[in-house]
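Chemist: First the structure, which I've put down as structure tokens, then a few questions once you've had a look.
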Amino acid sequence: MGYLEIMFLAMLPLTELRGAIPIGIAMGLNPIGVYIVSVIGSTIVSIPLIFTFRHILNFFRNIDIFVPLVKKVDIKIESGMKRLKSISILGIMLFVGIPLPTTGTWTAAAIASILKMRIKTSLLGVLIGNMMSGIIVSLISFHII
């Protein structure tokens, strides 16, 4: 039951993977198991998040008050799309992979939606970023770094 709780903690925006791993280790669970379920939980939640954020953006495109702002953002993104597409997966990986506040799966899903990234690309970037972040947080939890 403890691993399931850790997986759900990794899915929440407040704790995410960065909070779930230290909590799981403090609970006395196997660190490798904690790492695996945290990465899985934090990555799985990104799938519905990306779709939800895309629908929210489309909703704002149809509200008169937000149309000018959304158009400015779309124009800015379209102008730099070639550059952004070439570094998009690396950018998402590094964004999620460096365990700093507000740089987790939830924010990466919003960024991927705003940049209109392909689902596969954004999910792969989130997965690899979560794996990197999980290793760093685990090492910090054991006072190795």
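Chemist: For residues in segment 116-127 being buried (at least 19 other Cβ atoms within 10 Å of the Cβ) and without any contact (Cβ under 8 Å) to a residue 60 or more places away in the chain, which is nearest to HIS55 (Cα to Cα)? Steps first, answer last, please.
Modeler: Our first condition is that a residue be buried (at least 19 other Cβ atoms within 10 Å of the Cβ); within segment 116-127, this holds for 117, 122-123, 125-127.
Filter once more, keeping what is without any contact (Cβ under 8 Å) to a residue 60 or more places away in the chain: 117, 125.
Values: MET117: 14, GLY125: 21 Å.
Only one residue fits best here, namely MET117.
Chemist: Taking the residues in segment 109-118 that are modelled with pLDDT under 90 and in a helix (DSSP H, G or I) as candidates, determine which candidate is farthest from SER38 (Cα to Cα).
Modeler: Filtering segment 109-118 for residues modelled with pLDDT under 90 gives 110-118.
Checking which are in a helix (DSSP H, G or I) leaves us with 110-114.
Values: ALA110: 20, ILE111: 21, ALA112: 21, SER113: 23, ILE114: 26 Å.
Here the residue is ILE114.
Chemist: Taking ILE21, is it under 21 Å from LEU115 (Cα atoms), at pLDDT 90 or above and within 16 Å of the chain's Cα centre (by Cα)?
Modeler: In short, no.
Chemist: Looking at (1) surrounded by fewer than 19 Cβ atoms within 10 Å (Cβ to Cβ); (2) in contact (Cβ under 8 Å) with a residue 24 or more places away in the chain, find the lone condition where VAL70 falls short.
Modeler: (2)
Chemist: Out of curiosity, is SER138 of a type outside the set (A, V, I, L, M, F, W, C), closer than 18 Å to PHE51 by Cβ, part of a helix (DSSP H, G or I) and in contact (Cβ under 8 Å) with a residue 24 or more places away in the chain?
Modeler: No.
Chemist: Also, quick follow-up: All but one of (1) at pLDDT 95 or above; (2) within 19 Å of ILE119 (Cβ to Cβ) hold for PHE51, so report the exception by its number.
Modeler: (1)
The values are calculated or read from the model by the stated rules, or taken from the named source; none is laboratory data. Fair warning: this is a prediction, and the values are worked out from it, not measured in the lab. Heads up, the Cβs are rebuilt from the backbone with ideal geometry, glycines too, and the neighbour counts pull from every protein chain shown.
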